[in-house]
Amino acid sequence: MRRTLPQVAGIFLVLVTFVCAFAWAGVILFEGAEKDGFLYMGTSIWKLFICLTTANFPDVMMPDYGRNRATVFFYAPFLLVGHWFLLNLVLAVVVKAHAD
């Protein structure tokens, strides 16, 4: 565990930075929309984290999409980069660190 943690910490920092950057952008883009989950930074991070882990994926973004279909331009890049690049990178780093 001691050998694996430093290798994995870097990629988790990138993942946390990615989620925080999109949460901040969501707070700015959806400003004034109190019913959206992007009113506060903490709720934005939590909402995007749930969306990224696909724990409750469509239910998280569908209320926003129902109000304004342009939110697809916010969620699509987040999900595409998050799922197809960052989560695969996390898996690769964890497997490599475990194999070493």
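Answer rounded, prolate or oblate for segment 50-90, using the Cα gyration tensor with square roots of eigenvalues a ≥ b ≥ c: rounded when a/c is under 1.5, else prolate when a/b is larger than b/c, else oblate. It is oblate, given that a/c is not under 1.5 and a/b is not larger than b/c.
Out of the total accessible area of segment 2-65 (probe 1.4 Å, heavy atoms of protein only), what percent is carbon and sulfur? Each step should come with its number before you reach the end.
Values: 2900 of 4140 Å².
The computed percentage sits at 70.
For segment 17-100, the solvent-accessible area with a 1.4 angstrom probe is 63 square angstrom per residue.
Hydrophobic, long helices, defined as DSSP H runs whose alpha-carbon span along the helix axis is 24 Å or greater and whose mean Kyte-Doolittle value is at least -1.0, occur in the chain at 4-29. Ranked by the mean number of other Cβ atoms within 10 Å per residue, highest first, peptides 43-52, 56-65 order as 43-52, 56-65. In the list [x] 45; [y] 37; [z] 42, the label attached to percent of Cα pairs over 19 Å apart as derived from the coordinates here is [x].
The values are calculated or read from the model by the stated rules, or taken from the named source; none is laboratory data. None of the values given here were measured: they were computed from a predicted structure. Heads up, the Cβs are rebuilt from the backbone with ideal geometry, glycines too, and the neighbour counts pull from every protein chain shown. Each accessible area value is taken on the protein alone, full model and side chains, heavy atoms only, with ligands, DNA and RNA left out. Shrake-Rupley method; radii C 1.70, N 1.55, O 1.52, S 1.80 Å.
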